[in-house]
Each structure stands twice: as C-alpha cells, then as structure tokens.
1. Which of the residues spanning the stretch 377-396 are closer than 14 Å to Thr338 by Cα and surrounded by 14 or more Cβ atoms within 10 Å (Cβ to Cβ)?
2. Using beta carbons and a limit of 6 Å, which pairs, at least six apart or on different chains, have the first residue in the stretch 139-161 and over 18 Å from Lys194 (Cβ atoms) and the second one small (Gly, Ala, Ser)?
3. Name the residues in the stretch 229-243 that are assigned to a loop (DSSP other than H, G, I, E, B), buried (at least 18 other Cβ atoms within 10 Å of the Cβ) and free of Cβ contacts under 8 Å to residues at least 60 places away in the same chain, would you?
4. Under 12 Å from Leu274 (Cβ atoms), open to solvent by 10 Å² or more (accessible area, probe 1.4 Å) and charged (D, E, K, R) - does that describe any residue in the stretch 297-305?
5. What is the number of the single condition among (1) touching a Lys or Arg at 6+ places or on another chain (Cβ under 7 Å); (2) closer than 21 Å to Asp50 by Cα that Tyr130 does not meet?
6. Determine the pairs where a residue that is assigned to a helix (DSSP H, G or I), located within the stretch 16-35, has a partner that is of a type in the set (D, E, K, R) with Cβ atoms under 8 Å apart, the partner being 6 or more residues away or on another chain.
7. Which one of the conditions (1) crowded, with 18+ Cβ neighbours inside 10 Å; (2) part of a loop (DSSP other than H, G, I, E, B); (3) among the β-branched types (Val, Ile, Thr) does Thr133 fail to meet, given that it meets all the rest?
Amino acid sequence: MTNIEEKIFNSLPDYVKYALRKLELNGFEAFAVGGSIRDILLNRKCSDFDITTDATPTEIKKVFKNNKSISVGESFGTVIVVVENRALEITTYRKDSFSKDNRHPDSVSYSKSYEDDALRRDFTINQMAYSLTLGFKDYYDGINDLNKKIIRTVGEPEKRIEEDYLRILRAVRFSSSLGFDLDKSLKESIIKNKDKIDKLSKERIRDEFIKMLLSKKPSDSIRLLNDLGILEIIDKNLSRMLGFDQKSSFHNLDLFEHSLKTLDETEENIYQRLAALYHDTGKIDTFFLDERGEGRFFNHQKVSSEYAREFLKKYRFSNRTIDKVTNLIERHMDACNTYTKKSIKKLFNRMGENIYDLFYLQEADIKATNHQDFLENIENGRRILKEILEKKEPLSLKDLKINGNDLKKLGYKEGREIGLTLEKLFNLIIEDKTKNDYNFLMNVAKTMKKSEEE
C-alpha cells in the first residue's frame, strides 16, 4: 500500500468502506471517487462520499437489498443507498453523450472500465479514485495538479466546457475555494465561452452561485467571476459597483470592495451572504453630494432591496429566501440610530428571528468602513433583545393578553376593526403607555371604543 493509499484508507469512514467491501464481495469493482478523494489528499474536511462501480443499478439494489435505496437518478445509473443512516450515492461506470443544449447528458451508456468513467469527469483533481482491492487510480495526473495547485480539465478544455457550460462556474468555484490557479488553456476557453452560461437553467446557475457564496472566503469567487467577465453576465448591478467612489468619510473602499469585505465578514449563512452582496447596490442610483461634498445615498437600501429581489426571482430562489434577504437589506441601516427597547420591539415585530441575521449583517457592514462606533450600538441591540426575551415581554400580536374574542365582547366588529384595535394596543405596549395585562387592555379597548362612538 502506497502512502497515498494508506492516507485515503485511514480517512474513509467505516460506512463507505462497508459499501465498497460489500460490492467487491459480490464480484464487482467499486471505487470511492471524486471530491472526497481530492479533499482527503488536501487534508480538507469531507462529509460527502460517492462510489462508482461496474455494477448496474439493478445489481446495486440487489447487493444492498437489506438497505433502504432511493431510485433518484437511476436513469443515469445512480442509486442512493442508505448505510448507517447515511445516504451514499452509488453510480455505475458510464459514458455520457451530451445534448445540444449542453445542459444534461441525453444518453448514457454503461461501461465496465473505470478509465472510461474517469474520462467523462470535469477536472483532473476530481477523477482520482480509490478501491480497497485495486488501490489508487489517477488516469489524468490529478495528483500532480493538486501539488501544483492547478485546475485543469480532463482532456481538451474546449470539449469539456462544450459538454456542459456549468463547468465554467465549477472551475471558478474550485479555483476560488481551493486557492488554485486556472490552467491557461482552461482560462482562455472560459473567457471564449462565458456568454454560453445563459444556455444553462437558472436553477443550475443558482445552485453553483450558492456554493460560491458559502465558501470560506466568498469574495474570491466574486472577484474571479469579475476578472473573467462573467459577473456582468450574471448581474450587471454587481459588476457596475467596481471602482465606484462613494466620496464618503465613512468609507475608504470603493463600493465593490466595500461590498466584498462586508460579504467576507458575514457568517456562513446564505441569507446574510446574499444580503451583504446586494446591500449597497442601490447606492449608484441614489448618489448625490451634499453641501460639504460628502456622498449621500438616501433610501439606497430600498433600491438595493429591489435589485436583490430581481436577481433572486430571476434565478428562482425560494419565496422564503427572497423575503428574508430583501428584509435584511431594507433594515440594514437601522443601526445608524441608537437602539432602544421600543425600537428593538418594533424591529423584532417586523423581522422575527431574522433580526439575528440582521445584527450580523450590520456588524459586517460596519467592519467594512472607517467607523467602528456603531458596533457598540449593535451589541446594545443584542443585549436589549436578550433582556426582552428573558422577561417574556410582548414582541408580536400573538403575545397580547387579549384577543379578538375579547374585543367582540366590547362590541367590536369581526375583521378589520378588531385587527386595527389589536395593533393599536400592541403599539401602546411597545411605547410603555399601557401594560400587557388583560384588565388593563380591556379597559383601554373599552375607552377606545367609547371614544370612537362619540
């Protein structure tokens, strides 16, 4: 056993070894393959393991007849087998023939050779494989590219990219996340074919973009997308921030650099990351100089929110994601005003649990400026919120000690009148003008009703 094989063997979890061994005991070849092998050799944490084998999907299910199996992707030779409560993707060796739209293989033919299967993979660092009996296989010198820190295609880059234009974005992601350089010929091919990403489904672009944003340093991917001319294809509102002078004493970075620094300062959270990337995109359209020559951007957060909404809808993000991200952007300037119990209650009523992501976004935004004073205000907001929650003070209408049925007893009409009255009572509590007590609120409601009738 070579050093490489020993390292891979010792790093593979038991459930993967079990699956490999079970296939081999039934007379089939089986390899752990792709990203897991790459990450093991790079000493990176890996939790996603794939297996490839010469067993057909029918044979795979027969081998694992005592395990739960899921037939998602079986038409392309893939069966998901549950081993020790882990979903393991097992795929038959295959050769792909891509369709004219370069989105998906339009035909799949199985093979009995892993060498054939390796040929269909995108990059050399992703075609390395390991078998318990056949050892380490590296038909396209991936280990050398790992050592040189190069992203290189299996075979001609032009052909690989033409097979699936998503490989343009995958190359960017791997290059950025691993800190590797793009092979010169691959880079040239990407630049030549960058416009072709429009042929891809919006969902595939979205999913790859999410992976970029959730990397350790997401700004690296955004910079590389810009350098390759891809960012403006994805969204011009992002690329046009490049070099924009904010002419503000609060900022020592241009708009693009400020946004990327904010992006890097957020948590590994897609809502925060998307909001950070878009939080200031509206500044260009709202910019003006005041009498002191200072840059101003009134209501830029609303314009930024609309740009984010357009992007998120275009790439078919969920409505939940759209709502959370746009809400974060619209409220990111709230930290400019001193947080009080009243303002935090109102903010929580608007945002709910999203307020925690808002605090992180605001913190990241401030860290990307010249002025760190507002950081204290954010900590103050967190402290106030904690006290409110510990005291179980009302933060929304559902926390009121009275409800619509109670108001009906006072003669309020069901529907809009009751809803508006509950909101008024809630606002009075937030402003500390009454207590969240049944008797108090009933008396206030009774007075309000009498006043309206007079």
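The values are calculated or read from the model by the stated rules, or taken from the named source; none is laboratory data. No experiment lies behind these values; they were computed from the predicted model shown. Here the Cβ positions follow ideal geometry from the backbone for every residue, glycine too, while neighbour counts run over all protein chains shown. In case anyone asks, the SASA skips ligands and DNA or RNA and just uses the protein heavy atoms, side chains included. Shrake-Rupley method; radii C 1.70, N 1.55, O 1.52, S 1.80 Å.
1. Correct list: Asn377, Ile378, Asn380, Gly381, Arg382, Ile384, Leu385.
2. Partner pairs satisfying both residue conditions: Tyr139/Ala118.
3. Met241
4. The answer is no, given that none of the residues of the stretch 297-305 is under 12 Å from Leu274 (Cβ atoms), open to solvent by 10 Å² or more (accessible area, probe 1.4 Å) and charged (D, E, K, R).
5. Against the list (1) touching a Lys or Arg at 6+ places or on another chain (Cβ under 7 Å); (2) closer than 21 Å to Asp50 by Cα, Tyr130 comes up short only on (1).
6. From the stretch 16-35, the pairs are Tyr18/Glu84; Leu23/Glu29; Gly35/Asp48; Gly35/Asp50.
7. If we test Thr133 against (1) crowded, with 18+ Cβ neighbours inside 10 Å; (2) part of a loop (DSSP other than H, G, I, E, B); (3) among the β-branched types (Val, Ile, Thr), just (1) comes out false.
Residue-by-condition table, conditions (1) under 31 Å from the mean Cα position of the chain (by Cα); (2) closer than 30 Å to Ile168 by Cβ; (3) at pLDDT below 95:
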residue: Met1; (1), (2), (3): no, no, yes
residue: Lys7; (1), (2), (3): no, no, no
residue: Glu24; (1), (2), (3): no, no, no
residue: Phe31; (1), (2), (3): yes, yes, no
residue: Gly35; (1), (2), (3): yes, yes, yes
residue: Ser71; (1), (2), (3): yes, no, yes
residue: Ser97; (1), (2), (3): yes, yes, yes
residue: His104; (1), (2), (3): yes, yes, yes
